[in-house]
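Participant: Pasting a structure below so you can have a look.
Derivation of every value follows stated rules applied to the coordinates shown; laboratory data play no part. What you see is a predicted model; the values in this text were computed from it and never measured. Ideal geometry is used to build each Cβ from the backbone, glycine not excepted, and the neighbour counts take in all protein chains shown.
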Amino acid sequence: MRPFVYVTRKVPDEIYDRLAAKYDVEMWTESDKAVPRDILLEKAAKANALLTVISDAVDEDLFSQADQLKVVANMAVGFDNIDLDAASRHGVSICNTPDVLTDTTADLTFALLLATARRVTEAAEFVKYGQWTSWAPMMLVGTDVHHKKIGIVGMGKIGTAVAKRAAGFDMEILYHNRNRHEVAEEMLGAQYRTFDELLTEADFVVCLAPLNEDTRGLFQREHFQKMKDSAIFINASRGPIINEQSLIEALEANEIAAAGLDVFDKEPIDASHPFLTMKNVVALPHIGSASTETRMAMMGTCCDNIEAVFEDRPPKTLVNKDVLQY
Ligand code: GLV
Ligand code: GLV
């Protein structure tokens, strides 16, 4: 019998066909809506592999009903939607899609930084809604990016790729990370700072840390208060790393100047979210890795990993390496 693969979001034909050539495949096809929980559980109960996205909670409840599940290929570098310990206990390999999205996500992070500093989205709306009636010296002035200090929290692959871009803008690069990053220090002149030092010194505080138990709620009100009044906060990793209410209050109290956000506590946010009433917030719908090339490469990696598991090879980007001992 061919393995059964359930794909939780509509993927392009090319990806579907690649899987369908070897496996029995079913897919959630409503492209504007995530798969409902009950359907995910029902399909997981029969599946040998799942191709999931970050809005799917893959937890003990799911694993305990999925006796034949061998691999979950999550189409993301992050895997905070998955209970890794439960996966290992149930003998399920969890794979992610690192590397292929590094530069694409760094590009978006830098675009968001530039857009927030130079009020790009606000200015585009200004033109679109017919408000551009003359050129004026202080019309839509923003703040410079070049020669400023960027403070990167989370100096992994994406953080390092953002630092490279910052170097091209003649920025001074500060970073905070669990471990020192000697390559970035040598190649880019990045300077290590404690979390508090980075907050007080940086003009742009850029969050690129993974979400885990150490980083959940890392940014509280006091941390925004430590930043300069002129600081711009950028988050392109995961919403729950910041206390969102604290950020709203910090922006309302002018404790920081602006925020550029690609991620939120609960996604999607709706049109009534307080961020959307603030002129100094640029909000994007979690599009860090969203280029055609990269999204295709991410799905390709998911297919590679599923194939590896069914062909008894170690998957290239296995996250829960301890599963191999079970
Ligand atoms: C997207 O947020 C990812 O983790 O790849
Ligand atoms: C502005 O467009 C200038 O020429 O300075």
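Participant: Could you give the angle, 0 to 90 degrees to the nearest 10, between helix 292-310's Cα long axis and the longest principal axis of the Cα atoms of the chain?
Facilitator: 30 degrees
Participant: Next up: Once phi is turned into ³J(HN,Hα) by the Karplus curve 6.51 cos²θ - 1.76 cosθ + 1.60 with θ = phi - 60°, what whole-Hz value does each residue of region 106-116 show in order, with x for glycine and proline?
Facilitator: 5, 4, 5, 4, 6, 4, 5, 4, 5, 4, 6
Participant: I've got another one for you. Which entries of Lys157/Lys316; Lys22/Lys70; Lys228/Lys266; Lys70/Lys266; Lys10/Lys157; Lys149/Lys228 have Cα-Cα distances beyond 19 Å here? Display every interim value, and only then the final one.
Facilitator: Details: Lys157/Lys316 17 Å; Lys22/Lys70 16 Å; Lys228/Lys266 27 Å; Lys70/Lys266 29 Å; Lys10/Lys157 28 Å; Lys149/Lys228 12 Å.
Pairs exceeding the cut-off: Lys228/Lys266; Lys70/Lys266; Lys10/Lys157.
Participant: So for the chain, averaging the separation of alpha carbon pairs under 8 Å that are six or more residues apart and normalising by length, what relative contact order in percent results?
Facilitator: Numbers: 610 pairs, mean separation 57.0, N = 326.
Taking the mean separation of contacting Cα pairs over the length of the chain, I get 17 percent.
Participant: I've got another one for you. What aspartates and glutamates sit close enough to Lys321 to cross-link, taking a C-alpha to C-alpha distance under 15 Å and skipping anything fewer than 8 places away on the same chain?
Facilitator: Asp83, Asp85, Asp312
Participant: Can I ask one more? Calculate, in whole percent, how much of the Cα-Cα pair population of the chain lies beyond 27 Å. Display every interim value, and only then the final one.
Facilitator: Working: 25788 of 52975 pairs.
Every Cα pair in the chain considered, those over 27 Å come to 49 percent.
Participant: Could the peptides 276-282, 110-116 be put in order, highest first, of the mean number of other beta-carbon atoms found within 10 Å of their residues? Could you put the intermediate results ahead of the total?
Facilitator: Details: 276-282: 15.4, 110-116: 21.7.
The most tightly packed comes first, giving 110-116, 276-282.
Participant: Further question: Between Thr194 and Glu14, what length in nm is gained on full extension when 0.36 nm per residue of separation is reduced by their alpha carbon distance? Could you put the intermediate results ahead of the total?
Facilitator: Working: separation 180, 0.36 × 180 = 64.80 nm, distance 4.62 nm.
Extending this stretch completely gives an extra 60.2 nm.
Participant: Can I ask one more? Just need the relative contact order of region 156-243 here, percent rounded to a whole number, with Cα pairs under 8 Å and 6+ apart.
Facilitator: Working: 108 pairs, mean separation 23.7, N = 88.
Once normalised by length, the contact order is 27 percent.
Participant: Return the whole-Å distance between the Cα centroid of region 2-52 and the Cα centroid of region 177-255.
Facilitator: Each part's Cα centre sits 37 Å from the other's.
Participant: Between 0 and 90 degrees, rounded to the nearest ten: what's the tilt of helix 157-168 against the longest Cα principal axis of the chain?
Facilitator: 30 degrees
Participant: So in the chain, what percent of DSSP beta bridges are antiparallel if you round to the nearest 5? Can you show the working numbers first?
Facilitator: Values: 1 of 39 bridges.
If we restrict to bridges inside the chain, about 5 percent are antiparallel.
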